[in-house]
Structures are given as C-alpha cells and as structure tokens.
Amino acid sequence: METLEKVYQFALQKNREGIILDTVVLLLFLIGKYSIDSIKSFEPTHNYSKDDYDLLCKIIRPFKKIVVTPQVIAEISNISRQSLSGAKLQQYLCAVIDFFKDRERMEEHHVFFENWNDKSVGRLCSFGFVDMGMFEIAEQRGVPILTDEEDLYNFSKKKIPIIKLSVIKYSNLKKFNLPSQIIAR
C-alpha cells in the first residue's frame with residue numbers, strides 16, 4: 001500500500017477492524033495526543049512534525065481500533081522513561097494509560113509463542129520479538145501494520161504474501177493527499 005487512497009480502500013472495503021502501529025509511529029501518536037508541541041522535543045519523534053501527527057491521525061481514522069502488543073507497550077514505557085522525566089513524564093504516562101484503557105479505540109493483542117507460524121531464529125535475529133509478534137497478529141487477524149522502519153517494510157514486501165499481510169510505510173504516504181470524500185467522513 002503506497003498511497004493514502006489505497007490504505008482507505010483497504011480499510012473501507014476489506015478490514016476496518018484494526019491497524020497495528022509500530023513503536024515509533026505509536027510514540028508519534030501518543031506524544032501528539034498528549035502535547036502536539038512536544039513532538040519536536042521528544043527524542044523518539046524529533047524528526048517528525050505537527051503535520052506528520054495530523055497525517056498519522058488521518059491514516060488511522062478509518063480503522064476501528066489501534067492494535068498493540070505487550071512488547072510494543074513495554075517499548076513505549078522504556079523509551080518514554082529514557083526521553084522524559086519528572087512531572088512531564090508523569091503527565092504523559094497518565095495520558096498514555098488513559099488511551100490504553102479506551103477499549104473503544106485501543107486493543108491489546110497477544111500471541112502465545114507456541115502459536116507463532118514461523119519461529120525462525122533468522123527472522124528473530126533480524127527483527128526481534130516485537131516485530132515478529134506484530135507480524136503474527138497481522139497475519140492471524142488480517143490487519144495491516146503501519147511502520148516507518150525501512151528494513152521491516154522491505155522485508156515484508158519480499159518475504160510475506162501480500163494477500164495475508166499488508167505493511168504500510170508511513171513516510172511513503174507523506175507525499176500524498178487524502179481524497180476529499182474521505183476527509184469529509
């Protein structure tokens with residue numbers, strides 16, 4: 001999926017149930033929700049802007065839920081604690097917890113290791129448990145992954161059947177505009 005139009009077509013015609021957000025993309029969403037002015041000063045998202053946050057919101061809008069794994073939540077916690085401190089960290093984490101508790105919009109999904117389709121050590125060495133867990137959930141539930149990781153995106157295009165799994169690279173969508181009928185939804 002290389003255009004926003006294709007993302008929306010997928011969401012509206014095939015599966016609107018959810019979209020998996022990779023860690024950095026989810027951090028952009030969470031810090032933007034907390035304080036859009038903090039995007040540039042938050043180390044993990046310093047390369048992103050307010051416009052990037054707005055685009056991300058448009059990308060995920062047609063999906064009913066944001067799907068995360070326990071591993072991504074752990075990464076969010078660890079990275080946030082390294083990047084923020086004091087009262088700002090506490091306020092941010094309160095906002096994150098409130099979002100994670102919103103079962104209308106958020107879903108945590110876990111795949112037990114014995115249920116993984118491919119326990120390849122080579123894939124784990126290249127991408128780790130976090131990315132492999134996302135792949136498993138995406139394949140089992142038929143939901144796309146939104147990432148901005150070049151290696152993860154390229155691997156998915158070469159190795160994973162596109163019919164079963166769609167990986168969307170966030171930065172590939174930055175140059176496209178949303179169709180007007182979708183913005184009006």
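Any read-out appearing in this document is the output of simple, stated calculations on the displayed coordinates, not a laboratory observation. Bear in mind the structure is a predicted one, so any value in this text is a computation, not a measurement. Here the Cβ is made from the backbone with ideal geometry for all residues, glycine too, and neighbour counts use every protein chain on show.
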(Q) What's the total number of residues in the range 72-87 that are surrounded by 15 or more Cβ atoms within 10 Å (Cβ to Cβ) and without any contact (Cβ under 8 Å) to a residue 12 or more places away in the chain? (A) 0
Q: Working only within the range 37-61, note down all residues that are among the hydrophobic types (A, V, I, L, M, F, W, C), surrounded by 17 or more Cβ atoms within 10 Å (Cβ to Cβ) and without any contact (Cβ under 8 Å) to a residue 60 or more places away in the chain.
A: I39, F42
Q) Does Y34 meet the test of being out of contact with any Pro (no Cβ under 7 Å at 6 or more places or on another chain), free of Cβ contacts under 8 Å to residues at least 40 places away in the same chain and crowded, with 17+ Cβ neighbours inside 10 Å? A) no
Q: Considering every residue within the range 66-73, establish whether at least one is more than 17 Å from E149 (Cα to Cα), in contact with a Leu (Cβ under 6 Å, 6 or more places away or on another chain), not in a helix (DSSP H, G or I) and not basic (K, R).
A: yes
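Tell me which residues, restricted to the range 17-48, are in a helix (DSSP H, G or I), of a type in the set (V, I, T) and closer than 23 Å to H109 by Cβ. Write out each step before concluding.
Step one: list which residues in the range 17-48 are in a helix (DSSP H, G or I), which gives 23-34, 36-38, 43-45.
Applying the additional criterion that residues be of a type in the set (V, I, T) yields 23-25, 31, 36, 45.
Scanning the range 17-48 gives T23, V24, V25, I31.
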